Amino acid sequence: MSSNNARTAIVTGASKGLGAGIARTLARTGAAVVVNYREDATGAERVVADITAEGGRAVAVQADVARGGDVRRLFDRAREEYGPVDVLVNNAAVAVFMPLSDITEKEFQREMTTNVLGTILTTQALAAQDDIGAASVVNVSTAGTLTHPLYSSLYVASKSAVNAFTIAAAKELGPRGIRVNAIMPGPSDTEGTRAMGFVGSAQEAQAIADTPLGRTGTPDDYGPLVAFLASDDARWITGDVILASGGMR
Ligand SMILES: NC(=O)c1ccc[n+]([C@@H]2O[C@H](COP(=O)([O-])OP(=O)(O)OC[C@H]3O[C@@H](n4cnc5c(N)ncnc54)[C@H](OP(=O)(O)O)[C@@H]3O)[C@@H](O)[C@H]2O)c1
C-alpha cells in the first residue's frame with residue numbers, strides 16, 4: 001500500500017463506519033491520525049485503541065465540523081499533537097433519505113451545513129496553514145450522485161455540491177501543491193446504514209443486484225483508495241471524483 005509516513009491526517013466522522021475504516025488504514029500506512037467525532041467519544045476511543053494496538057499513532061478529538069470555532073480547535077489540537085496537517089479526509093456527513101414533502105428548512109440546514117459547509121470549513125483550515133508543503137484533501141461523496149436513489153434528493157444535492165466544490169477547490173489550491181479529490185462510495189454496511197434500516201432490507205438486495213461485484217461495501221473497502229490519494233503516489237491526481245462502488249453506477 002502507498003506510504004504516508006510522517007504525514008498528519010485528520011479524518012472527520014471517524015468514530016464509526018467508513019471514517020473508522022479509513023482512519024485505521026491511514027494509520028497502517030504511517031500517518032498520525034486525528035480521529036474526529038461529534039458525539040460518539042466511545043467509538044472514537046475504540047478506533048484510537050485499535051490503531052495504537054497495531055503500533056500506530058492516533059488521538060480522538062471532538063469537533064462539530066459545521067462550526068467554525070470547533071474546526072479551528074480541531075486543527076489547533078492536531079498541530080499540537082503531530083505538527084502541520086497535510087492530509088484531510090472529509091468523511092463526516094448527515095445522510096437522511098426522505099420524500100421531498102418531508103424536507104424542512106431545519107433538515108436542510110442540518111444536512112447542508114454538515115455535508116457542504118463542514119467540507120468548506122475544514123478545507124479552509126487546512127489551506128490556512130502557511131507551513132505546509134504538498135497536501136491532500138479527500139472528500140467522501142457518494143455513488144448516489146450518479147444513481148440518484150429514490151428519496152435521496154436532499155442528500156445527493158448536498159453531495160453533488162461536494163463534488164463541484166472538489167473540482168473548484170482543486171483549481172484554486174493546486175498552485176500551492178494542495179490536491180483535492182473525492183471518492184464516491186457505493187452502498188455500504190455501516191452503523192449509519194444499519195440505523196437507517198438499509199442493511200437487510202429490500203433496497204439493500206436491489207443495490208447488491210445492481211452491483212457488478214455482487215455485494216455492498218464495507219468500511220475496509222475505502223481506506224486503500226484514500227491512502228493512495230493521500231500519498232505522493234497520487235501526486236499527479238487532483239480535481240478528480242472517483243467511483244468506488246463495486247461497479248454500481
Ligand atoms: N454507508 C454508506 O452506504 C455510504 C455510501 C456512500 C457514501 N457514504 C458517505 O460516507 C461517509 C460515512 O458514512 P457512514 O455510513 O460511515 O456514516 P455513519 O456510520 O452514520 O457515521 C457518520 C460519522 O460522521 C460523524 N458526524 C456526523 N455529523 C458530524 C459533525 N457535524 N461533525 C463531526 N462528525 C460528524 C459521526 O460522528 P458521531 O457518531 O461521533 O456523532 C460519525 O462518526 C459519509 O460522508 C456518507 O455520506 C456512505
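The table for this structure:
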quantity	calculated
Fraction of accessible area attributable to carbon and sulfur, the chain (%, probe 1.4 Å)	53
The chain, accessible area per residue, ligands and nucleic acids excluded (1.4 Å, Å²)	45
DSSP H segments from the chain that extend 20 Å or more along their own axis, Cα-based, with Kyte-Doolittle mean of 1.0 or above	none
Centre separation in Å (Cα based) which lies between the range 35-90 and the range 180-249	22
Alpha-carbon Debye profile of the chain, log10 I(q)/I(0) at 0.15, 0.16, 0.18 Å⁻¹	-1.01, -1.16, -1.48
Of Ser160, Ser201, Ser231, the one that fluctuates the most in a GNM where the chain has Cα springs shorter than 10 Å	Ser201
Cα centre as origin, Lys/Arg/Asp/Glu Cβ charges: the range 8-244 dipole, Debye	200
Ordering of 222-228, 11-17, 126-132, 182-188 by burial proxy (mean other Cβ atoms within 10 Å per residue, highest first)	11-17, 182-188, 222-228, 126-132
Sorted peptide list for 75-81, 3-9, criterion being average Cβ within 10 angstrom, highest first	3-9, 75-81
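The values are calculated or read from the model by the stated rules, or taken from the named source; none is laboratory data. Here the structure is a predicted model, which is why all the values come from computation and not from measurement. Every residue, glycine as well, gets a Cβ built from its backbone with ideal geometry; the counts of neighbours run over all protein chains shown. Heads up: the accessible areas ignore ligands, DNA and RNA and are worked out on the full protein's heavy atoms, side chains in. Shrake-Rupley method; radii C 1.70, N 1.55, O 1.52, S 1.80 Å.
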